[in-house]
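Let me begin by presenting the structure, written as structure tokens, before commenting on it.
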């Protein structure tokens, strides 16, 4: 069963197609990667799927409904690339604020434990390291236990250890909560964590499939070479 269906999606800025006749489908409960270089249209696509940006052509169905549905939106979590945290509030109060939007205050302690923030929950966000701020942003996106979670470059700028911890969280969330995760990245070695990938360049979908499928299709030994071959 697909949780997202996108058909012939096009978005134009100043006469340029930043999303160009793109179609894809995302299976419920999977981790789906949007992989491509900076400027390829990944963030624009996520913002369209969230209903933040309008689009010019195409169709989008999420959880069997259009994006105008309030029922759909309450089942979606979003961690943007740029932090949306309140710097003068504590970790706990930031998470509590986002939880209150969805009447999900009962989940706060569970989320603090999941992303290992319980010991610093009373610290102001302004005093946290970049990695801890990323964890707090993830907690805010997860606190209402969404069915669908969008993560825009969630591991950018974090150290390898924290990156590995983040992917451990993502896998646990996907498997234990049956949450579908859509994650964007330009880091090729992160792709192995995804069940399926969309390779995007200049707003176009150049290929879609599992890592093994894409490697076999291009007769490549790594995803970077596969991407380069498919980009020609």
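From the list 147, 64, the lone residue that is at positive phi and modelled with pLDDT under 95 is 64.
Exactly one residue out of 204, 196 is farther than 25 Å from residue 28 by Cβ and surrounded by 16 or more Cβ atoms within 10 Å (Cβ to Cβ): that is 204. Filtering the range 139-162 to residues that are crowded, with 20+ Cβ neighbours inside 10 Å and out of contact with any helix residue (DSSP H, G or I) (no Cβ under 7 Å at 6 or more places or on another chain) leaves 141, 146, 148, 151, 153. Quick check: is even one residue across the range 193-216 under 19 Å from residue 230 (Cβ atoms), without any contact (Cβ under 8 Å) to a residue 12 or more places away in the chain and in contact with a helix residue (DSSP H, G or I) (Cβ under 6 Å, 6 or more places away or on another chain)? Checking the range 193-216: at least one residue is under 19 Å from residue 230 (Cβ atoms), without any contact (Cβ under 8 Å) to a residue 12 or more places away in the chain and in contact with a helix residue (DSSP H, G or I) (Cβ under 6 Å, 6 or more places away or on another chain).
Taking the condition within 25 Å of residue 173 (Cα to Cα) and surrounded by fewer than 18 Cβ atoms within 10 Å (Cβ to Cβ), does residue 27 pass? Criteria met by residue 27.
The values are calculated or read from the model by the stated rules, or taken from the named source; none is laboratory data. Everything quoted here is computed from the prediction, not taken from an experiment. Positions of Cβ are backbone-derived with ideal geometry, glycine not excepted, and every protein chain shown enters the neighbour counts.
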